[in-house]
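Structure record follows, encoded as structure tokens.
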Amino acid sequence: MMHAQTKSGLGNTLLGVKWRFFEDERQDFEVATYPQLEFNNPSHSVERGLVERGTRLLLPVEIAKKLGPIDVNPELGYWFVQRGRDEFFVGTAVGRRVASRLELLAETYSIGSAEERETTFGFGATIALNQSIRAMLMAGRSVTGASNQPTFIGYGGIQFVIESQSSDKADVNTGRRNNPDNFLKPCGCELHVLNSALAKTP
């Protein structure tokens, strides 16, 4: 009996800026855009089939809503691919903070074209190492529409976050921001750099 071989290596680097352009603190509701540039690292991950060769740009819109202790984050976006076909992206992540520095997550997302899509279901955690550095872990299954063959995916990464808050502070009594033009006023901006390691088993 032959066992599937696990492939592992350094993943791509993601460089992104997350801008929350609408925030309702009383309803625990946010809308943000999160452009991300993904590029290869000088490793053999492309040859191993872990990542695609070339640079990709993601332009997404994200919604964040708190339902009691649960955070729900649906997302929709479009990947511009340097070498290959552009792709649509849709996904949802659900999380719950179980400790001051630990959040548990469940996520599902689908990426691809109308002809072929890859859907992934996973569970993971985010650990705040300090105010600017987070460790991210995920494990799950990915299914490609063409082959319908499940693939195990393991993921670990370090995320660096630099956050800049708007000077438009919320009123402590009403929860509203002082600027009435709240929808157009930047509520906060974060610079994200993510480096990761991947493992896949067919």
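Among Ser110, Ser100, rank each residue by its count of other Cβ atoms within 10 Å, from fewest to most, as a rough exposure measure.
Ser100, Ser110
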Pair Phe29, Phe160: separation of 7 Å Cα→Cβ label points (nm): 3.6 nm
Residues Leu57, Leu129 arranged by fewest to most Cβ contacts within 10 Å: Leu129, Leu57
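Rule-based calculations on the coordinates, nothing more; no lab input. Being a predicted model, the structure only gives us computed values, none of them experimental. Neighbour counts run over all protein chains shown; Cβ positions are idealised from the backbone, glycine included.
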